[in-house]
Amino acid sequence: MRGKKVFYPIGWDDNGLATERRVQNYFHVRCDPALPYDPAFVPPASPNGEQVAISRRSFVELCHRLTDLDEQAFEEVWRRLGLSMDWSTMYRTIDDGSRAISQRAFLRNLARGEAYLAEAPSLWDVTFQTAVAQAEVEDREVTGATHRIAFHRPDGEILPVITTRPELLPACVAVVAHPGDERYAGLIGTTVTTPLFGVEVPVLAHHLADPAKGTGIAMVCTFGDSLDVTWWRDLRLPARPVMGRDGRLLAGPPAAITSRAGRAAYRQLAGETALAARKRIAGMLSAAGDLLAGPDPVRHPVNFYEKGTQPLEIVTTRQWYIRNGAYDEDLRAALLARGRQIDWHPPFMQVRYENWVNGLAGDWLISRQRFFGVPIPVWYPLDGEGRPRYDAPIIPADDALPVDPAADTPPGYTPGQRGQPRGFAGDPDVMDTWATSSLTPQLAARWSLDGDLFDRVYPMDLRPQAHEIIRTWLFYTVLRAHAESGTLPWRHAAISGWVLDPDRKKMSKSVGNVVTPMDPLRKYGSDAVRYWAASGRLGADVTFDPAQLRVGRRLAIKILNASRFILGLAAPDADRGDPGDDGCEAVSEPLDAAMLDRLGGVIGRCTRALDDYDHTGALATAEEFFWFFCDDYLELVKGRAYGERGEQPGRSARTALRLALSVILRLFAPFLPYVTEEVWSWWQDGSVHNAAWPVPGEVTREPGPGQVEAARPAAVLSAASGAIAAIRGAKSGAQVSMRAPVRALVVTARQDHLDALLAVLRDVEAAGRVERTELCRGDAEPAYQVTL
């Protein structure tokens, strides 16, 4: 509507853990990549009992099948809602083009040294059996217990340590105290022995040890939490992992446990879940006299994968990473600078970005031990004993992308060499879904596939998204654009809040307070739902409120009814074509000119609001004017529009009405696309959404010869509205018809108000059925005396 070509793509983010979990539950299957492909497999019709194990290929096929169904449902919602994206540009994050772009970008990261493979402690979800990134972690309050346990000093004294995870005692590699804590100054550099397992560990100093927490000294285990990882790395400690990827303690003890008693103690814990081992070791410590106090209940935050149900563990795994500034101050500074180059709407959301970048604790872990995703596009040569050489990955040719290393053969090898000594092995992992979604501008613009399109639309203008994924979608997209092209991916970021339930609680499937969009769309109509959605300001949560939907529906119906009335009037001569050509020349009455002058101001305010990404303010401004237009102006000029005062006054009213209607429809079009399109089709060619956005000059032209200038238009409208409101109030109070006559109207006000009222008095008298009006000068606010 502003005369620009708009690139508004649509893409489905269809791969990832959420999709896999849905497929597992929907078809009652689970993926076992060791199984051969069965082309005849059919999911159980009425599943019961355990999930059926199927091959990776069969599982991926089911993922495609279900996402096809889901995306059809999503498309139906978006189309019904009237979102105006270009459906011809639709892409999926798992389609061939997206996979090729995602793999190409990764390989370019690898070539520049921004992507790397490393074996390191990783956050691990025991349910999904995959590593997860820092950005996908959330803290949840859980009930635990503190245990005060006795470490033994060489002099026979005990060193009390408090922990909530005593099951990790066999993984203990040190105890740490703050270097300024005088209680332990004499112990730094000595050793203590772990209870039950008899392992000698050092007492060390580290500035992150909290003297006010517990006894002021903490045990370092590999690994209980991210702080353990920091201590392990900073103090160069050995690794003695005991927790397996399945969330159970490993079958064999760490090599450091050498005593017969210690190994016997570990056998009692082997194979147990973390919770079961925690309870068992508490009993063992108590029996040995090493449990000084507890277990004492406590509520404390624990790390969870955002889609997981079990606490995360930290296990050592080999994963792919992309550098994000966590360990590179120059890169961190560059990414902070990128954040300051973005125009944030609202501006305070920039702080969330900066807090995230400044709080990064590690590089971005992008590999996932899952199945439905973009494969990591590398193979590894095998040595003479069949072991992968991870330091020499085999890279596919660019024109071969996309590839699936689990099925495709690398250049220079034959399929029969897969898994054989001196042969090759494909990387078994897929990329994190964000590793592809971080490239959504490139996917939509078909980077590396359609150079003409990419050059015309990249960098883009706007990223609209919610606030909780600033740390993932927004940050990752900025990171990838900075690495690949040295640019921002877009100039503006419009950050929305959440939709809350009527009790202002976040909607959640588990809580059962989710409202799916199609129900209110069917009940209230798309314009009503859009009206409610547009009432939510950027950066603020919005409550799902059926009352607000009813207001939106009422507004849409009122637009229909008011438009029918206006277009049902005889068209003025000057408006038989485009009402914006020369319609203002026919406006001769002060009330009409004043209304249009006010409308010119409304156009300016709406335009500025939208330019400032304040869609809520633009809607409120247009709506406020529309209700004045219907409740006051229409009623005031109705009789004159019918010709009750002659041809020229009637023509002025009808011209002003049509000019205003044209503008009102265009102001409402972005918010209420269906009702405005319907009314526009009654009297105009083409679509209202391709019509020019209104400008004040359409309705505020200078009066010509013979026209009456609307002096002080705001005063004229105020005077007219005040008088007609007083007349309505009197009739309503007397419980008589609005068409009942008024014998006399006495208005007492300052002279300037009386002058303004005099300019529109005939319209007021006609609308109110007033037989006689008396204007009296006074010094107070206007007062009205109505005699029925």
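Among the conditions (1) free of Cβ contacts under 8 Å to residues at least 24 places away in the same chain; (2) open to solvent by 30 Å² or more (accessible area, probe 1.4 Å); (3) part of a helix (DSSP H, G or I), ASP685 misses just one, which is (3). The helices (runs of 4 or more DSSP H) found wholly in region 468-548 and carrying at least 2 residues that are closer than 20 Å to LEU619 by Cβ and out of contact with any strand residue (DSSP E or B) (no Cβ under 8 Å at 6 or more places or on another chain) occupy 518-524, 526-534. Return yes or no: is ALA780 modelled with pLDDT under 90, among the hydrophobic types (A, V, I, L, M, F, W, C) and either exposed (fewer than 13 other Cβ atoms within 10 Å of the Cβ) or more than 24 Å from PHE629 (Cα to Cα) (or both)? Answer is yes for this residue. Return the pair list, or none, for Cβ contacts closer than 7 Å from residues in region 238-261 that are touching a residue at least 40 places away in the same chain (Cβ under 8 Å) to residues that are hydroxyl-bearing (Ser, Thr, Tyr) and in a loop (DSSP other than H, G, I, E, B), at least 6 apart or on different chains. Matching pairs, first to second residue: ALA239/THR222; ARG240/THR222; PRO241/THR222. Checking ILE149, ILE162, ILE217 one by one, the residue that is among the β-branched types (Val, Ile, Thr) and open to solvent by 20 Å² or more (accessible area, probe 1.4 Å) is ILE162 and no other. Evaluated against (1) in contact (Cβ under 8 Å) with a residue 60 or more places away in the chain; (2) over 32 Å from the mean Cα position of the chain (by Cα); (3) open to solvent by less than 60 Å² (accessible area, probe 1.4 Å), THR436 falls short on exactly one condition, (2). Based on what the data block shows, is THR89 within 27 Å of the chain's Cα centre (by Cα), surrounded by 19 or more Cβ atoms within 10 Å (Cβ to Cβ) and under 15 Å from ALA445 (Cα atoms)? Criteria not met by THR89.
With respect to THR127, determine if the residue is over 19 Å from TRP364 (Cβ atoms) and hydroxyl-bearing (Ser, Thr, Tyr). So that I can check it myself, show each step before the final result.
Values: over 19 Å from TRP364 (Cβ atoms): yes; hydroxyl-bearing (Ser, Thr, Tyr): yes.
Answer is yes for this residue.
Pull out all pairs, ordered by first then second residue, where Cβ-Cβ is under 7 Å, the residues are six or more apart or on different chains, the first lies in region 204-231 and is within 28 Å of ALA255 (Cβ to Cβ), and the second is in a loop (DSSP other than H, G, I, E, B) and aromatic (Phe, Trp, Tyr). Pairs that qualify, where the first residue is within 28 Å of ALA255 (Cβ to Cβ) and the partner is in a loop (DSSP other than H, G, I, E, B) and aromatic (Phe, Trp, Tyr), are VAL229/PHE223.
Would region 189-205 turn up any residue that is hydroxyl-bearing (Ser, Thr, Tyr) and open to solvent by less than 20 Å² (accessible area, probe 1.4 Å)?
Within region 189-205, the first condition is being hydroxyl-bearing (Ser, Thr, Tyr), and the residues that meet it are 190-191, 193-194.
Then drop every residue that is not open to solvent by less than 20 Å² (accessible area, probe 1.4 Å), which leaves 194.
Within region 189-205 (the criterion being hydroxyl-bearing (Ser, Thr, Tyr) and open to solvent by less than 20 Å² (accessible area, probe 1.4 Å)), the answer is yes, since at least one residue qualifies.
Does region 748-758 contain any residue that is in contact with a Cys (Cβ under 6 Å, 6 or more places away or on another chain) and buried (at least 16 other Cβ atoms within 10 Å of the Cβ)? The answer is yes; a qualifying residue exists.
Candidates are the residues of region 323-363 that are farther than 22 Å from ARG108 by Cα and at pLDDT below 95; the one that is most open to solvent (accessible area, probe 1.4 Å) is ALA361. Of all residues in region 289-311, none that is free of Cβ contacts under 8 Å to residues at least 24 places away in the same chain has its Cβ atom under 6 Å from the Cβ atom of a residue that is of a type outside the set (Phe, Trp, Tyr), 6 or more apart or on another chain.
The values are calculated or read from the model by the stated rules, or taken from the named source; none is laboratory data. Computed from a predicted model, the values in this text were never measured in an experiment. Virtual Cβ from ideal backbone geometry, glycine too; neighbours counted across all protein chains shown. For accessibility, only protein heavy atoms count, side chains too; no ligands or nucleic acids. Shrake-Rupley method; radii C 1.70, N 1.55, O 1.52, S 1.80 Å.
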